[in-house]
Every structure is written in C-alpha cells, then in structure tokens.
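Here is the structure we will look at.
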Amino acid sequence: MKTATELARPNIAALKPYSSARDEYQGKDARVFLDANENPYNAPLNRYPDPLQRDVKAIVSEIKGVAASRIFLGNGSDEAIDLMFRIFCEPGRDNVVAMEPTYGMYRVCADINDVEYRAVNTDGSFQPDVDAMLGSADANTKLMFFCSPNNPSGNLVRRELIIKALDNFEGIVIIDEAYTDFAPGTSMAGLIDTYPNLVILQTFSKAWGLAGVRLGMAFAQEETIGLMNRVKYPYNVNHLTQQAALEQLESADKVSGWVSAIISERGRLENRLAGLGGMTVFPSDANFLLVRMENATRVYNYLVDNGIIVRNRSRITLCGDSLRITVGTPAEDDELLKCLTEYYNR
C-alpha cells in the first residue's frame, strides 16, 4: 500500500507551507506580542487564533481516544472533504468513487476540483456494493467515500464492507461519521493504527449542537494529518469557534443527555409515522428519518404551508417520494404529527 505522501499530488508532497507568526512562536508565557502586525487593542479578538487549535485538540483527544497528532480540525467537515480532493486528486485526470445516495458535498467538491465522480448505487437496504465500487476504481482513483450512518438513508454501513474496501483499495478511504453519536457500536477511528489509508470524519454540528460555529474533525495517521495541515489556510478555525468548542467540550454529560433524548424521540417518531397514511419509515441510526410516502412533494408543500420544514429528497437516487425528517423536540415532533394527521384526514 502506498503512503499518503506517495498518493498525494507531487506539488503537494513538495509544498512548503506558509509559516504564520503563531506557527513560529507557540508558547503562552510572553507578555508583549509584536510579531504578527495585530492591532494592540480589543483583546482577545485582536490576536490571531492558534493555527493548530492545540487546546481543543487536547480535549478532543481525551474524549475520542485519538492522539492529538492524529486530529485535524477544520471549518466544518466540508473543509476536510475539500482538502482530500486538493491533496490527492489531480484536476482533469483523477477520479473518486462513492456510494449512492449519500452526502451531496462529495460530488460538489469533485466538480469544484475538476475530478470525475463515480457513483455506485447501494442495494435495497442502502448498503454499499463494495465489489462494484472496487470494480469502478482504476489507476487514477484516489478516494473512496463511505457515509456511515449514511445521509439521507440514516443507516450504518456494515463494518465488514468498509474493511473490505480498506483491504482492497490502494487509495484513501474516507468514512464520514457525522452521525456516529446516534448509532449503536463504536466509531471506526480505532482502525487508524491498522490502515494508513483511512480518514475518519466527525463533526461538532450534530450531537454537540454546534452547527452554527462550523467545526469539523478528521482523524488519520500523522502523515495524512501533516499533509492536511500543510495545505489548509493558516488560521482556518477562528478564535470564537475554538472558544465555543472548548466550552461545549466541558459539558460532555449534557451532550450525552441530548443524544439519549434524541434517540428516544427518534423511536417514538418512527412508531407514530409508521401508523400514518401507508408511510414506509426506513431504519435509522442517525438523528433523522427517511420516510417514503405517496405524493411526497405534495405532503412537503402542505407542511411548508403550515410552517413546518422538512427536506424533500424525492429527486435523490433511490429516494423517490421520500422526505427526510430531522428528529426535533417532542413538542416540535407533535406539531409535525398533528399536521400530517390533518393532511391524511382531509
């Protein structure tokens, strides 16, 4: 298996990254900072943030059981996704393979970076056809994407399928675990030691309730993380985001309570929806439900007219006539259920 540096674009492997003032001095004991052309007034926001987010990584390391040197923090998971293309894929030449349906940013990033995107349909249970994905790969396939739990279907990808891809694909395998906190079992981050071609994505946007601050995580071996740090913008995570993450990380018990409440409410919502209008509710390991029904677009419009917003996924591959419904508070879900009951009883 090639190393991450061998898989990287030659110009990236040879890149000398920008060295910021906060890269060159990393201590905390200095009293006077005159190195970064900052405004001396309006502390603490007048100072550039830590470019490597060391304080945040130290706590994430303890919670996730991943060494700080194997953690990348970015502006949402989308930054890490984009970096995978920028580091490993030559525009106009290389390609990536992904399960379908799945999170739409993989394809968008491929299009932005002029990289061919090869989508391989999942089966009737939304499990990836790994043999077909491997068969779609060629010498110019650099990335393979799995989303687990998957968006928009909500299901965990079977662990043995991903391991099969890791064992047989020579490029980088990316597992997007944005919804892992709502799923049974454990993250696959424990496989980083075994597989140098593995990148795990997680986020503060879902279970941690910080979608508004934009902070994503990537876990990989040091060589891959080093390439990501080399290519990222110097101060990619601002001071306010780092501070918000530090405060939330101190409230891990509260976050666990949120997750338990959402999982419980997911079960109640699933049961109630299954009894309405011949709906098919797909099993979910995430904080949302994919629901198939007759005339989904008409139902969607009725909900919008009544001030309730869900996501119409009817145009997505294998998701015809389906709405994706995020699990809300019991009061919010009761409003949804009341509105749907009124729709079907008209």
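The values are calculated or read from the model by the stated rules, or taken from the named source; none is laboratory data. For clarity, every value in this text was computed on a predicted model and none was experimentally measured. Backbone-built Cβ (ideal geometry, glycine too); neighbour counts: all protein chains shown.
Scanning the stretch 257-287 for residues that are without any contact (Cβ under 8 Å) to a residue 12 or more places away in the chain and surrounded by fewer than 17 Cβ atoms within 10 Å (Cβ to Cβ) turns up 257, 260, 261, 264, 267, 271, 274, 275. Residue 146 versus (1) in contact with a Cys (Cβ under 9 Å, 6 or more places away or on another chain); (2) within 12 Å of residue 174 (Cβ to Cβ); (3) buried (at least 22 other Cβ atoms within 10 Å of the Cβ): which is the lone unmet condition? With (1) in contact with a Cys (Cβ under 9 Å, 6 or more places away or on another chain); (2) within 12 Å of residue 174 (Cβ to Cβ); (3) buried (at least 22 other Cβ atoms within 10 Å of the Cβ) applied to residue 146, the lone miss is (1). Would you be able to say whether some residue in the stretch 282-293 is out of contact with any Phe, Trp or Tyr (no Cβ under 6 Å at 6 or more places or on another chain), of a type in the set (A, V, I, L, M, F, W, C), more than 24 Å from residue 183 (Cα to Cα) and not assigned by TED's automatic domain parsing to the domain that holds residue 75? Checked against the condition, which is being out of contact with any Phe, Trp or Tyr (no Cβ under 6 Å at 6 or more places or on another chain), of a type in the set (A, V, I, L, M, F, W, C), more than 24 Å from residue 183 (Cα to Cα) and not assigned by TED's automatic domain parsing to the domain that holds residue 75, the stretch 282-293 yields at least one hit.
The number of residues in the stretch 176-203 that are in contact (Cβ under 8 Å) with a residue 40 or more places away in the chain, under 22 Å from residue 264 (Cβ atoms) and part of a loop (DSSP other than H, G, I, E, B) comes to 5.
Would you confirm whether any residue within the stretch 53-63 is in a loop (DSSP other than H, G, I, E, B) and either touching a strand residue (DSSP E or B) at 6+ places or on another chain (Cβ under 8 Å) or assigned by TED's automatic domain parsing to the domain that holds residue 96 (or both)? Among the residues of the stretch 53-63, at least one is in a loop (DSSP other than H, G, I, E, B) and either touching a strand residue (DSSP E or B) at 6+ places or on another chain (Cβ under 8 Å) or assigned by TED's automatic domain parsing to the domain that holds residue 96 (or both), which makes the answer yes.
How many of the residues making up the stretch 299-346 are in a loop (DSSP other than H, G, I, E, B), among the basic types (Lys, Arg) and exposed (fewer than 15 other Cβ atoms within 10 Å of the Cβ)?
Total meeting the criteria: 2.
Of all the numbered requirements in (1) among the β-branched types (Val, Ile, Thr); (2) within 21 Å of residue 155 (Cα to Cα); (3) assigned to a strand (DSSP E or B); (4) touching a residue at least 24 places away in the same chain (Cβ under 8 Å), residue 102 misses one, and that requirement is (3).
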